[in-house]
Amino acid sequence: MYGGGISTTDLVNSIYDFCEMLTGKTLYPYQEQFAKRIIRSVLENDGAEITALFARQSGKTEAVSCTVSGLMVILPRLANMPMFALDKRLEMFKDGFWVGIFAPGQRQAQITFNRMKARLQSKTAVAVLGDPEFNLEFSTSNGQTVALTNGSFCTAISASDNSNIEGESFKFIICEECQDISNSKIRKSIHPMASAYNGTICKIGTATSYRGDFYDAIQRNKREYANGETKIRNHFEYDWKIAAKYNPRYAKYVEGEKKRLGVNSDDFRMSYSLEWIIERGMFIEINKFLLNCGDLDLERVSYDHMQTHVVGIDVGGSSAKKTADSTVVTVLEVDWSNPVVFETRIDPETNEEYVYKAYNTYIKDWLELKIPDYEQQYAEIVAFLKNFKVVRCVCDATREASMAHRLRANMPFEVIPFIYGTKSKSELYKNLEREINTGRARVPLGANTIETKEHSQFLDQLEDLQKGYNGSYLVVSHPNISGYHDDYPDSWALAMWGCITEGIPNDTETKDKKDLLSRGSSNSTLIKARNKHTARRR
């Protein structure tokens, strides 16, 4: 039952008017849309995840600070009025409206906090707080927390990766510059703080070049609204053109930014036009990848001594911690006798002709080992590889070279130790990127395969990979956040590297070991030749 027979829409409008009166500010129409959705969500206690993508300097902080400061004052007052005594919409706020502001760093969190504090301490607000109808004072007012005697408070908290923020409870949460807060911090630390009150979480930021929780939340809100799953809009997006329509000074400022940055620059497109340039910051776009490289008819295969295989091994750490890297083995099938590209090219440096070949590859299986003991890892890898006709293995030898050396000494196939470095890993991932872009790198998407843990881990880690450049070198890695890994992609990239040039199958188990070892000892020469080969292909 609603107190006084006031509909939620009327109550939202009345509270919004109070917020403007309290702060002495009149918001623009696009800010009003956003502010009223916040008020409605708080009143209906719908636990919404509201997302807002605002162009830089277009008024997101003003909209939030005016709305939150007003709610801190009015909600407890309404909740304690006799006419609203039985009103479920306001019952939760009898002891105050509790707000947490989170941002990637403390300084960023305090930007919104200080603006909101300034609104509460404005001349108009002070007059309202002192009115006998409210009779409110500040019980706390410092650089991090402001609290009123009605129980309402707002606190600014850093959500940096190293911060320890668990344990608080809030009725409303704001994530400022949300695109720069790590996924794990948002999902494991911030989200649970709203659970006790089914609080609204408001995520605000701007577009960037990589995916994260903010991007995913926006896409989810858009999809659910478009599909009719939600009747009320939860995503609000305002580029510079919308803000310029209402603010001539802002329009003038953006014209200057166009000249300074260039309208087609990444910075302008992300900050003002709100374009997510995912391809700049992420190694793959998962949907495009699955369409280009996924094969619904392919399933994992656990035994095959007929086809030719190349293996990549990314060696994990020896730590027993749950967050430690795993050792991952990827098995690829490659048919060197049937290249999909076979042509003569001219080397631009030497002007010499060379034959260029490229091959389709197929992921056959994975092995993931979380065992910290390398001796046990070695035994399990050997047992696993005996299930396949392996011609070549490229093994990570960066921090633990003994694995590669033991395999080379004891297995009947070529083993290439690979040491990660800025240049070598750049070449490794440029090759993988090339094979993905051409669709030659085939990935199983069969019904049985997609249900397996290894397949999920592979896609999750691949999707999370970020890319950038260090000079001319491509830098690909997992996000620098605890709990993220790139073991599966690294293993795949190593196997793909091993497919570039043809290997020679060893069909006899009794082949002369001396010959095998002498071939293995020339790995550095082979790698140099392979680097030269891929340099021609770029």
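Bear in mind that the values in this text are calculations on the coordinates, not laboratory data. The structure presented is a predicted model; accordingly, all values stated were derived computationally and were not measured. Ideal geometry is used to build each Cβ from the backbone, glycine not excepted, and the neighbour counts take in all protein chains shown.
So how tilted is helix 106-120 from the main axis of the chain? Cα-based, degrees 0 to 90, rounded to 10. Approximately 10 degrees, to the nearest ten. In order along the range 405-412, the phi-based Karplus estimate (6.51 cos²θ - 1.76 cosθ + 1.60, θ = phi - 60°) of 3J(HN,Hα) comes to 5, 5, 4, 5, 7, 10, 9, x Hz; Gly and Pro are listed as x. The loop-placed GluC sites (Glu not before Pro) in the range 288-387, going by DSSP, that have at most 11 neighbouring Cβ atoms within 10 Å of their Cβ come out as Glu349, Glu352.
A Förster radius of 45 Å combined with the Cβ-Cβ distance from Ser141 to Lys389 puts the calculated FRET efficiency at roughly 0.05. Principal-axis analysis of the Cα atoms of the chain puts helix 60-79 at an angle of about 50° to the longest axis. For the pair the range 376-434 and the range 82-135, the centres of their Cα atoms are 59 angstrom apart. Near the amide H of Gly498, within less than 5 Å, lie no amide hydrogens of residues on another chain or at least 5 residues away, with H placed in the peptide plane. For the chain, Cys19, Cys66, Cys154, Cys202, Cys293, Cys393, Cys395, Cys499 have no disulfide-compatible partner, since no other Cys C-beta lies under 4.7 Å from theirs.
Please work out how much length the chain gains when fully extended from Lys231 to Tyr356, using 0.36 nm per residue of separation minus the C-alpha to C-alpha distance, in nm with one decimal. Gain on extension, Lys231 to Tyr356, equals 39.4 nm. The 3J(HN,Hα) values that the Karplus relation (6.51, -1.76, 1.60; θ = phi - 60°) gives for the range 243-255 are, in residue order, 5, 5, 4, 9, 10, x, 5, 5, 4, 5, 5, 5, 4 Hz. Gly and Pro appear as x. The slack between Lys370 and Asn410, meaning 0.36 nm per residue of separation minus the straight C-alpha distance, is 12.1 nm. Put simply, the amide H of Met282, placed in the peptide plane, has neighbours under 5 Å in Lys467, leaving out anything fewer than 5 places away on its chain. Placing dummy labels 7 Å off each Cα toward the beta-carbon, the span from Glu343 to Asn470 is 3.4 nm. For a test of the definition: using alpha carbon positions, the gyration tensor, and the 1.5 limit on a/c, classify the range 365-500 as rounded, prolate or oblate. It comes out rounded by the Cα gyration axes. Extension gain for the segment Ser424 to Ile286, taken as residue separation times 0.36 nm less the Cα-Cα distance, is 47.2 nm to one decimal. How much of the calculated P(r) for the chain lies past 36 Å, in percent of all Cα pairs? Counting pairs separated by more than 36 Å, the tail of P(r) holds 47 percent.
Centre-to-centre, using Cα atoms only, the range 440-457 and the range 213-276 are separated by 36 Å. Under the criterion of Cα pairs below 8 Å and six or more residues apart, the relative contact order for the chain equals 13 percent.
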